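Working notes, beginning with the structure itself.
Only the coordinates and a few stated rules stand behind these numbers; no lab work does. Note that the structure is a prediction, hence the values are computed from the model and not measured. So basically every Cβ, Gly included, is an ideal-geometry build from the backbone, and we count neighbours across all protein chains shown.
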Amino acid sequence: MTELPGPKSRELFARRNSVVSAGVSTAFPVFIERAGGGVLVDVDGNSLIDLGSGIAVTSVGNASPKVVQAVSEQVAAFTHTCFMVTPYEGYVQVCEQLAELTPGDHAKKSALFNSGSEAVENAVKIARHATGRTAVVAFDHAYHGRTNLTMALTAKNMPYKHKFGPFASDIYRVPTSYPFRDAGVDGAAAAARAISQIAVQVGTENVAAVIIEPIQGEGGFVVPAAGFLPAVADWCKANGIVFIADEIQTGFCRTGDWFACDREGVVPDLITTAKGIAGGLPLAAVTGRAELMDAVHAGGLGGTYGGNPVACAAALGTIATMRELDLAGAARAIEETMTTRLRAIASRHPAIGDIRGRGAMIAVELVKPGTTEPDAALTGAIAKACHAQGVVVLTAGSYGNVLRFLPPLVIGQDLLNEGLDVIEAAFDQLAA
């Protein structure tokens, strides 16, 4: 309807700049008025195709009927009491669902929080308390959050860590499996490389936990080679180390399974979830082996808003929607459509060095043709061109050279293909 951003969005952005910290960035300065089903409508009346889902949050859409109904009923009843003071059933119901859905058939318990960073922080607390050890191992290209401890776990300096130190201590980083940049290194070899470095540089007996994203998010949707995750998990089990799967971005049907660990039969000791769990409301969880979750003394876990009743209601509506609509299956259908189209684009544009991901978590890594040299400039230009045509895409990667696509799992195939048409046109214009 207008150029993007339109006049009303520009006016609001000027107001935003006068009162919102410059430290809070905005990728695409259009102000949204309503949204749903993969479409964002801005204040100027423009309809945008959403291939970002609020960074993998609105998997069931921005106003899913079951979520809206559950939240409305809960708000009318009460908005808060604090579960640590006077509990309520919704919190228990969410924990029951998590015990059923997360990998493994062992006894499980959960604790609920507000954000992915909080979930990761508490998973580390639990692992350290339960093992009596302190060292925590993370991986290259990892992203685990923006709090002090999770910044230490995160690999990328800019914008997440720059000038925010010193960070939490006893955090160590080892190489991951990155098939596009690991020519000839299979999953078993990559795991052996990481394990050897841990043993030499940290000491196996000192490690409380190893934390990993089964598919890395901000790192560029890096899918480790087959066998890497099981080998690391088995080594942890053999050495009394807590294996933490950070499924904050990959969880809740995003990768075509309920959880990314399911694909290779990996059963984590602790799993962290957030993002897609509650249809857009802030909720996060740590779920794990009952004996680990119970190792912490009473009062050692919690938070004023953790497991807020309205967010719990949203989570129950979200999970019900995922079950009813088979959104894991929908993610697999999205993968088929996207990878087919993207491979056709890559056949004409050698700047696409790699197409990877799983389910509705797909990425392309852009490089200087014939090399593995990252091309962040082209990545940014293509994202900007897509935005100008009303398609919301995101960038990622340690080198800023990855376009990542996270469409809502309820997006229609016609709308998805329309968005891919715009992406294809951007490549034809800019990558020739």
Under a Cβ-only charge scheme (Lys and Arg +1, Asp and Glu -1), can you give me the dipole magnitude of the chain about the Cα centre, in debye to the nearest 20? 880
For ASP428 and ARG10 in the same chain, what is the full-extension length gain: residue separation times 0.36 nm, less their Cα-Cα distance, in nm? 147.6 nm
In Å, what Rg and Dmax follow from the Cα atoms of segment 34-75? 11.5, 32
In nm, to one decimal, how far is the ALA168 label point from the MET1 one, both placed 7 Å along Cα→Cβ? 4.6
Given the Cα-Cα distance of ARG146 and THR26 and 0.36 nm per residue of separation, how much length would full extension add, in nm? 41.6 nm
Can you compute the FRET efficiency between TYR305 and ARG348 using 1/(1 + (r/R0)^6), with r the Cβ-Cβ distance and R0 = 51 Å? Round to the nearest 0.05. 0.55
Peptides ranked, highest mean first, by Cβ atoms within 10 Å: ranges 109-121, 65-77: 109-121, 65-77
I need the calculated FRET efficiency for the pair SER47 and ALA99, taking r as the beta carbon distance and R₀ as 41 Å, to the nearest 0.05. 0.55
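Note the full-extension length gain between ALA381 and ASP294 as 0.36 nm times their separation in residues minus their Cα-Cα distance, in nm to one decimal.
26.3 nm
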With the dipole of the chain worked out from charges on the C-beta (+1 for Lys and Arg, -1 for Asp and Glu) around the Cα centre, which of ALA285, HIS349, GLY302 lies farthest toward the positive end? GLY302
Hey, can you rank 173-184, 142-153 by average C-beta count inside 10 Å, highest first? 142-153, 173-184
Distance check, please: which entries in LYS108/LYS161; LYS108/LYS237; LYS109/LYS156; LYS109/LYS275 exceed 28 angstrom between their Cα atoms? LYS108/LYS161; LYS109/LYS156
Highest mean first, what order results for 211-218, 403-410, 259-266 on Cβ atoms within 10 Å? 403-410, 211-218, 259-266
Tell me the label-point distance for the pair GLU205, GLU336, using the 7 Å Cα-to-Cβ offset, in nm and rounded to one decimal. 5.4
With eigenvalues of the C-alpha gyration tensor scaled by 5 and rooted, segment 319-361, Å: 28, 9, 5
Let's test the formula: R0 of 45 Å, r as the Cβ-Cβ distance of THR86 and HIS106. What FRET efficiency results, to the nearest 0.05? 0.90
All Cα pairs of the chain, percent lying beyond 26 Å: 56
